[in-house]
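Scroll down for the structure; my scribbles are underneath it.
The values are calculated or read from the model by the stated rules, or taken from the named source; none is laboratory data. Please read all numbers here as calculations on a predicted model, not as lab measurements. Cβ placement follows ideal geometry from the backbone for every residue including glycine, while neighbour counts extend to all protein chains displayed. Keep in mind that these areas ignore ligands, DNA and RNA; they rest on the heavy atoms of the full protein, side chains included. Shrake-Rupley method; radii C 1.70, N 1.55, O 1.52, S 1.80 Å.
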Amino acid sequence: MAFRPPDRDDLIAAGSKFGITLSEIELATYESLTAGSAAAYDLVELLYAETAPSAPTGRGSSFPAPADNPLGAWYVRTEIPGAASGPLHGLRVAIKDNISVAGVPMMNGSRTVQGYVPKYDATVVTRLLEAGATVVGKSVCESLCFSGASHTSDSGPVRNPWDTTRTTGGSSSGSTALVAAGEVDIALGGDQGGSVRIPSSFCGTVGHKPTYGLVPYTGAFPIELTLDHLGPITRTVSDAARMLSVIAGYDGGKDPRQPSGVASSDYDADSDGDVTGMRVGIVTEGFGLEGLSDPELDATVRATAQRLTEAGMIVEDVSIPWHLHGMAIWNVVATDGATAQMIDGNAYGYNYSGWYDPELMAHYGKQRHERANDFSATTKLVALGGGYSLASTYGRYYAMAQDLVPRLRKAYDDALETYDVLVMPTLPITATTLVSNQDDLMTSIVRALEMIVNTAPIDCTGHPATSVPAGLVNGLPTGLMIIGKHFQDATCLKVAKAVEAQAGGFPQPPAYAATVSH
């Protein structure tokens, strides 16, 4: 498709966006110059076509019937076998639908993406297949992944296997529901405000948000480059560790989030062994959040943390006042940053060296303009708030928030000089009732974002964080979040294994427990 150079009307429209007015002489001059640049655009397209992947063959997919999708957790089903051997051989994996699987439709929970079919596998998908896992489908995620509850996807709500009237949590809602229900062995999730850990807490699964940059984000739909993470959702800590070993490691410079040469490890082996003498700091600011925290949940999580003393660990309270500032910092970064990148930047944004997806940018960019009213309520909140902030303050508050991130990171790092890990409730509440069409707009938005106060700051700081089941509160799961030093993911998983051992394994939803075997 040849690049069409701008005519005079196009130049006037482009100029008005930047407050530029043009005389007739200027219009004629710029029209001539921009026409001359068109050849460069055409050549870039030609060169790109020579290197772009071809659509894969032999990968069928189908949309499940409602009777075969009682939790609403599947977006599309497929069957892509992995290598004949490998560390994950025989395991069935669901891929969150913000992550590209070649030849399989991708919606990212939103009509603004619907109809897009990637031509390539995301790096993490390639690594799972090479490790022997079988990709059995794309799991529903929340609309553009901007919700901590499971009612915003345009394909419909995802229901919690523990109580189908309640939220699964988001945005990795389908992945977590399928793991909890035993329909898959393992799943991939994404985490920008807690989206691996939130549904894991609500559904009683293990969710690990890796250290920022450890797992390549290449081929996943971005929200905000400094917040984007991908990670495993599993039923056991060992499975999370094995999965992390497969998906972690450097992606050859394709992902600007990664430090050069970052390496994987045998996280399962590294997280085995004696925990005697390890030090655990219970972050007091993660409890007793006014108007939000459930006292019984706080007590359950604290009891689970204190029980680690029986394994020989040293458990003490620690105060990190800046934890309470973390939500405000994340809010500005996520609001202004996602507006600039996910919305105005057509997901990928600009001005960094790395891999881009031009087909997705064009598909989504066109549809988000044509179907802007199909944005979810939470995405509209971001677009309106971030659009106003960027237009009126020119990025000043985004810049201030990013400049505060190192101070927030240091607050946790200072505590981690004394403690091997920090712990707190993953979420202050258990799963709430699913939002329905009868609920008002305010309820829909509040229910989507109310739970992220403990998880979101850790996306800003990039520390590894594991959510493990901490017990049941009124018959519903709750999670203990374990935070470690950067690139010491194995330490988080080691403490998580101790929690799991003390619990005698984590429970499955009663209605599904008999079907779950491993």
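Listing for the model above:
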{"quantity": "Residues of the range 265-280 satisfying the condition of being surrounded by fewer than 16 Cβ atoms within 10 Å (Cβ to Cβ) and at negative phi", "calculated": "D266, A269, D272, D274, T276, R279"}
{"quantity": "Among (1) of a type in the set (A, V, I, L, M, F, W, C); (2) surrounded by 14 or more Cβ atoms within 10 Å (Cβ to Cβ); (3) without any contact (Cβ under 8 Å) to a residue 40 or more places away in the chain, the one test that M442 misses", "calculated": "(2)"}
{"quantity": "Condition check for G174: within 25 Å of E224 (Cβ to Cβ) and assigned to a loop (DSSP other than H, G, I, E, B)", "calculated": "no"}
{"quantity": "Identity of the residue in the range 57-69, farther than 14 Å from M106 by Cα and either over 26 Å from the mean Cα position of the chain (by Cα) or open to solvent by 90 Å² or more (accessible area, probe 1.4 Å) (or both), that ends up modelled with the lowest pLDDT", "calculated": "T57"}
{"quantity": "Pick from the range 110-144, criterion assigned to a helix (DSSP H, G or I) and among the hydroxyl-bearing types (S, T, Y), ranking: most open to solvent (accessible area, probe 1.4 Å)", "calculated": "T126"}
{"quantity": "Subset of the range 294-315 (residues that are in contact with a Gly (Cβ under 9 Å, 6 or more places away or on another chain) and surrounded by fewer than 13 Cβ atoms within 10 Å (Cβ to Cβ))", "calculated": "P295, A303, G312"}
{"quantity": "Selection status of V435, modelled with pLDDT of 95 or more, over 22 Å from S153 (Cα atoms) and of a type in the set (A, V, I, L, M)", "calculated": "no"}
{"quantity": "Test: residue in the range 447-465 that is within 26 Å of P161 (Cβ to Cβ), surrounded by fewer than 24 Cβ atoms within 10 Å (Cβ to Cβ) and charged (D, E, K, R)", "calculated": "yes"}
{"quantity": "Filter result for A83 (out of contact with any strand residue (DSSP E or B) (no Cβ under 8 Å at 6 or more places or on another chain) and open to solvent by 50 Å² or more (accessible area, probe 1.4 Å))", "calculated": "no"}
{"quantity": "Of all residues in the range 404-431 being touching a strand residue (DSSP E or B) at 6+ places or on another chain (Cβ under 7 Å) and open to solvent by 30 Å² or more (accessible area, probe 1.4 Å), the one that is farthest from D191 (Cα to Cα)", "calculated": "T418"}
{"quantity": "Residue list for the range 474-497, filter: of a type outside the set (S, T, N, Q) and over 26 Å from the mean Cα position of the chain (by Cα)", "calculated": "G475"}
{"quantity": "Looking only at the range 86-105, and only at residues there that are surrounded by fewer than 24 Cβ atoms within 10 Å (Cβ to Cβ) and within 23 Å of the chain's Cα centre (by Cα), the one that is nearest to Y120 (Cα to Cα)", "calculated": "A102"}
{"quantity": "Matching entry among D239, D255 (being in contact with a strand residue (DSSP E or B) (Cβ under 6 Å, 6 or more places away or on another chain) and either closer than 29 Å to Q502 by Cα or assigned to a loop (DSSP other than H, G, I, E, B) (or both))", "calculated": "D239"}
{"quantity": "Which listed residue, of S245, S260, is open to solvent by 10 Å² or more (accessible area, probe 1.4 Å), part of a loop (DSSP other than H, G, I, E, B) and of a type in the set (G, A, S)", "calculated": "S260"}
{"quantity": "Meets criteria (open to solvent by 20 Å² or more (accessible area, probe 1.4 Å), small (G, A, S) and farther than 19 Å from L449 by Cα) for A401", "calculated": "no"}
{"quantity": "Members of the range 354-394 found to be among the polar types (S, T, N, Q) and either out of contact with any strand residue (DSSP E or B) (no Cβ under 9 Å at 6 or more places or on another chain) or open to solvent by less than 30 Å² (accessible area, probe 1.4 Å) (or both), listed by number", "calculated": "N373, S376, T378, T379, S389, S392, T393"}
{"quantity": "Every pair of residues 6+ apart whose Cβ atoms lie under 8 Å, when the first sits in the range 1-30 and is in a loop (DSSP other than H, G, I, E, B) while the second is aromatic (F, W, Y)", "calculated": "F3/Y41; L22/Y30"}
{"quantity": "Residue in the range 20-28 that is under 27 Å from E359 (Cβ atoms) and either out of contact with any Leu (no Cβ under 6 Å at 6 or more places or on another chain) or open to solvent by 60 Å² or more (accessible area, probe 1.4 Å) (or both) present", "calculated": "no"}
